[in-house]
Amino acid sequence: MERDKVSEWFRFDSPIGEPEIEWDHESYHIERIKYPSGTIIWFGQKTNWIKEKDGKWKSLQYYKSSSEFIDCDEPLYEKLYNEL
């Protein structure tokens, strides 16, 4: 038997980790997936974050004609998750 990825959904009143988003909905949902390899991905409304096996965080930046991962600090959502 092999362990599969673990997916969790979280609900907030607003996208506190993505303050640039104008939000007028009742609630904000975000997904966290952890793979057996240790890779963690947060799927936000506008931003996605990934932590690879090397422990470094990157955020996916979208441009008009392309996208790329750039180094970033640990996302606020992961900090809150670790406080649970």
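The values are calculated or read from the model by the stated rules, or taken from the named source; none is laboratory data. Remember, predicted model here, so these are calculated numbers, not experimental data. Cβ sites come from the backbone with ideal geometry, for glycine too, and all protein chains shown count toward neighbours.
Take the residues in the stretch 64-84 that are out of contact with any Lys or Arg (no Cβ under 9 Å at 6 or more places or on another chain) and of a type in the set (A, V, I, L, M, F, W, C); name whichever of them is modelled with the lowest pLDDT.
The extreme case among them is LEU84.
Check off (1) under 22 Å from CYS72 (Cα atoms); (2) loosely packed, with under 14 Cβ neighbours inside 10 Å; (3) of a type in the set (Asp, Glu) for ASP24 and give me the number that stays unchecked.
That leaves (1) as the condition not met.
Do the conditions hold for TYR77, that is, is it over 22 Å from PHE12 (Cα atoms) and among the aromatic types (Phe, Trp, Tyr)?
no
TRP9 - would you say it is exposed (fewer than 11 other Cβ atoms within 10 Å of the Cβ) and of a type in the set (A, V, I, L, M, F, W, C)? Step through it out loud before you land on a result.
Details: exposed (fewer than 11 other Cβ atoms within 10 Å of the Cβ): yes; of a type in the set (A, V, I, L, M, F, W, C): yes.
Here the answer is yes, as TRP9 does meet what is asked.
I need the full set of residues from the stretch 11-70 which are among the β-branched types (Val, Ile, Thr) and under 17 Å from ASN82 (Cα atoms), in order please. Quick ask: steps written out before the conclusion?
Step one: list which residues in the stretch 11-70 are among the β-branched types (Val, Ile, Thr), which gives 16, 21, 30, 33, 39-41, 47, 50, 70.
Within the stretch 11-70, ILE16, ILE30, ILE33, THR39, ILE40, ILE41, ILE50 qualify.
Restricting attention to the stretch 49-72, does a residue exist that is among the aliphatic types (A, V, I, L, M) and over 13 Å from the mean Cα position of the chain (by Cα)? It would help to see each step written out before you state the result.
First pass over the stretch 49-72, keeping only residues among the aliphatic types (A, V, I, L, M): 50, 60, 70.
Now narrow it down to the ones that are over 13 Å from the mean Cα position of the chain (by Cα): 70.
Yes: one or more hits.
Return the residues of the stretch 34-84 that are under 21 Å from TRP23 (Cα atoms), exposed (fewer than 15 other Cβ atoms within 10 Å of the Cβ) and not aliphatic (A, V, I, L, M); say none if nothing qualifies.
GLN45, LYS46, GLN61, TYR62
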